[in-house]
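Q: Got a structure here, written out as structure tokens. Questions coming.
The values are calculated or read from the model by the stated rules, or taken from the named source; none is laboratory data. As the structure is a prediction and not an experimental result, all values here were calculated from the model. Every residue, glycine as well, gets a Cβ built from its backbone with ideal geometry; the counts of neighbours run over all protein chains shown. These area figures cover heavy atoms from the full protein model, side chains too; ligands, DNA and RNA do not enter into them. Shrake-Rupley method; radii C 1.70, N 1.55, O 1.52, S 1.80 Å.
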Amino acid sequence: MMKKKISIDLHLHFDGSLSPENVRELARTQNIALPKEDSELRAMLTVDPDCKDLRQYLTKFAFPLSLLQNARAIEQGMYTLCRELLDEGCIYAEIRFAPQLHLDKGLTQEMVVESAIKGFERSSLLGGLILCCMRGDANAQLNIDTVDVAERYLGKGVLALDLAGNEAGYATESFRTLFKRAKEKGIPFTIHAGEADSAKSVCAAVEMGASRIGHGVRSYESEETMRLLADSKIPLELCPTSNLQTAIFKSLDEYPIKKFMDMGICVTLNSDNRSVSGTTARAELSLVCKHFDMSIGEEKSILQNSVRAAFADDSVKQKLLWLIEENYR
């Protein structure tokens with residue numbers, strides 16, 4: 001029997017997860033005017049109900065990013081997010097963001113990362129940071145800088161790298177050289193793939209050396225891709241509500257999590273963006289388990305998958321597995 005509602009979030013974007021309370025505090029310290037009504041503020045942070053695709057979904061990031069352009073704001077925003085996670089029963093989180101998107105007011109990527117690490121470490125939450133490289137036309141050097149900063153802070157608050165952004169516009173395989181650099185430096189990485197692009201994007205990410213796949217939900221389109229994931233033991237970071245909002249699926253009935261599980265693929269459930277999607281990792285776990293009539297044992301197994309998939313050392317994983325075992329005893 002489960003004692004309390006705990007969660008693990010492996011796929012959580014910093015800029016997409018600022019609560020209204022966090023936003024109000026960040027705006028107050030920077031003398032930025034905000035709507036008085038929380039409903040208006042939430043509308044600025046949350047995806048529109050008629051969202052048509054990932055590109056439209058991504059437009060919701062500009063406003064919260066504008067509040068995270070100085071060292072104090074980044075540290076405080078990260079700290080507040082981590083405390084909110086702890087208050088909700090999150091026992092471990094990996095929070096990702098792109099340092100190159102926080103340079104508008106003169107910070108360097110290194111300064112951005114140092115501030116984020118300070119905020120995370122102040123909170124006492126278990127976990128760390130994932131640094132995102134970004135899909136784009138004119139940011140090749142910025143991506144290289146992100147890889148180099150990740151190497152510098154690996155094991156000192158930074159856990160891994162990622163590739164995020166408009167997957168449909170910028171093919172995963174075109175970033176092979178960048179992630180070859182990461183692999184040579186010994187930096188583990190996950191890659192957003194199989195979200196806005198097809199299963200071929202997932203295969204490219206696996207071939208490039210990804211330890212995990214961000215989303216990867218469109219792997220269901222290819223039996224070969226699903227076998228590759230199962231055989232390679234590469235976990236999927238599933239985010240169901242986000243995938244519905246970006247119109248990958250029309251309803252949760254179509255969501256292929258059971259198919260993945262039946263194929264022996266390691267699945268995890270995550271929030272993606274707590275504010276943009278209006279959800280939490282715990283809500284995603286509860287939603288899916290209820291909808292697909294999963295047992296308590298299956299729920300527990302998904303949490304254990306998250307531990308095994310985490311970019312954490314063995315001592316942290318043992319602690320997390322113990323916490324899960326105790327909670328479901």
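Q: Looking at (1) open to solvent by 40 Å² or more (accessible area, probe 1.4 Å); (2) within 30 Å of Leu321 (Cβ to Cβ); (3) in contact with a Ser or Thr (Cβ under 8 Å, 6 or more places away or on another chain); (4) of a type outside the set (Gly, Ala, Ser), which is the only condition Asp53 fails?
A: It fails just one condition, (2).
Q: Then there is this: Would you call Ser295 of a type in the set (S, T, N, Q) and open to solvent by 30 Å² or more (accessible area, probe 1.4 Å)?
A: Considered against the rule, which asks whether it is of a type in the set (S, T, N, Q) and open to solvent by 30 Å² or more (accessible area, probe 1.4 Å), Ser295 comes out as yes.
Q: Next question, about the same structure. If you scan the range 271-301, which residues turn out to be aliphatic (A, V, I, L, M) and assigned to a helix (DSSP H, G or I)?
A: Ala281, Ala283, Leu285, Leu287, Val288, Ile296
Q: So, one more: Restricting attention to the range 302-329, which residues are of a type in the set (A, V, I, L, M, F, W, C), closer than 24 Å to Phe260 by Cβ and part of a helix (DSSP H, G or I)?
A: Selection gives Ile302, Leu303, Val307, Ala309, Leu320, Leu321, Ile324.
Q: Given Ala230, Ala140, Ala204, which one is over 19 Å from Ala309 (Cα atoms) and open to solvent by 10 Å² or more (accessible area, probe 1.4 Å)?
A: Ala140
Q: Just give me the residues in the range 1-38 being surrounded by fewer than 22 Cβ atoms within 10 Å (Cβ to Cβ) and charged (D, E, K, R), in sequence order.
A: Hits for the range 1-38 are Lys3, Lys4, Lys5, Glu21, Arg24, Glu25, Arg28, Lys36, Glu37, Asp38.
Q: What number of residues in the range 216-242 are of a type in the set (D, E, K, R) and either under 13 Å from the mean Cα position of the chain (by Cα) or in a loop (DSSP other than H, G, I, E, B) (or both)?
A: Total meeting the criteria: 2.
Q: Across the range 241-292, what is the total count of residues that are touching a residue at least 60 places away in the same chain (Cβ under 8 Å), of a type in the set (S, T, N, Q) and either out of contact with any Pro (no Cβ under 7 Å at 6 or more places or on another chain) or open to solvent by 10 Å² or more (accessible area, probe 1.4 Å) (or both)?
A: Final tally of qualifying residues: 10.
Q: Regarding the range 180-196, can at least one residue be identified that is surrounded by 17 or more Cβ atoms within 10 Å (Cβ to Cβ) and modelled with pLDDT under 95?
A: Yes, because at least one residue in the range 180-196 is surrounded by 17 or more Cβ atoms within 10 Å (Cβ to Cβ) and modelled with pLDDT under 95.
Q: Go through the range 198-238 and give me each residue that's over 23 Å from Ile144 (Cβ atoms) and charged (D, E, K, R).
A: Once the filter is applied, which keeps residues that are over 23 Å from Ile144 (Cβ atoms) and charged (D, E, K, R), the range 198-238 yields Lys200, Arg218, Glu221, Glu223, Glu224, Arg227, Asp231, Lys233, Glu237.
Q: Give the residues of the range 113-127 that are at positive phi and either of a type in the set (Val, Ile, Thr) or buried (at least 24 other Cβ atoms within 10 Å of the Cβ) (or both), sorted by residue number.
A: Selection gives Gly127 alone.
Q: Report every pair of residues separated by at least 6 positions or lying on different chains whose Cβ atoms are under 8 Å apart, first residue within the range 44-69 and modelled with pLDDT of 95 or more, second basic (Lys, Arg) and open to solvent by 50 Å² or more (accessible area, probe 1.4 Å).
A: Gln69/Lys105
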